Amino acid sequence: MKWIAALLGTSPAVLYVALALAVGVPAAFWTYGAWQYRSGRSVGKAEVTLAVERATAAERERQWIANEAAQAVAREQVERLTKSRDRLQSLLKEIADAADQDPLRDACGVGADSSMRLDKIRRPAAGPKTSSR
């Protein structure tokens, strides 16, 4: 190092300080950049994690609302079908009771009363069919 200092006409101490600065300043910049990179990455990761958690919560809420709506529709359908079943069962019981009381129930063929009872079963929504005879 002394011959370089003699060649440049400076003292070796100045040369050592210049060498220390030449190595230390870039190392300091590199360290600062790496620190900023890691802290930025941490912040970015935290932001992404928060965004994912919010999106997950929103999706779960959307699914919960959709499920509640679907269950409400299903409950209404079950209630409607139960009423329809009960109505049909009472109609069948009424028809069976009327058939048991029919004096011609053992006769060969289908009488007018039996035909009307069959029409009630076939078209329960239309009600009793009136004949035009």
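The values are calculated or read from the model by the stated rules, or taken from the named source; none is laboratory data. In this text the structure is predicted, and so the values were computed from the model without any measurement. Backbone-built Cβ (ideal geometry, glycine too); neighbour counts: all protein chains shown. For the accessible areas, the whole protein counts, side chains as well, though only heavy atoms, and no ligand, DNA or RNA atoms are used. Shrake-Rupley method; radii C 1.70, N 1.55, O 1.52, S 1.80 Å.
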message: Restricting to DSSP H runs of at least four residues, report the calculated mean residue ellipticity at 222 nm for the chain, -39500 (n - 2.57) per run over all residues, nearest 500 deg cm²/dmol.
response: -30000 deg cm²/dmol
- request: Using a 1.4 angstrom probe, figure out how much accessible area the chain has per residue, in square angstrom, rounded to the nearest whole.
  value: 86 Å²
- line: Rounded to a whole %, the carbon-and-sulfur portion of the accessible area of the chain at a 1.4 Å probe is 63 percent
message: What percent of all Cα-Cα pairs in the chain falls into each 5 Å bin, going from 0 up to the bin containing the maximum distance?
response: 2, 7, 7, 7, 6, 5, 5, 4, 4, 4, 4, 4, 4, 3, 3, 3, 3, 3, 3, 3, 2, 2, 2, 2, 2, 2, 2, 1, 0
message: Need one value: the accessible area of E68 in square angstrom, 1.4 angstrom probe, rounded to the nearest 10.
response: 70 Å²
statement: Among V43, T10, V78, the residue whose Cα sits farthest towards the positive end of the charge dipole of the chain, when +1 is placed on the Cβ of each Lys and Arg and -1 on the Cβ of each Asp and Glu, is T10
task: Please report how many Lys pairs in the chain have alpha carbons closer than 20 angstrom, counting only residues at least 8 apart along the chain or sitting on separate chains.
output: 5
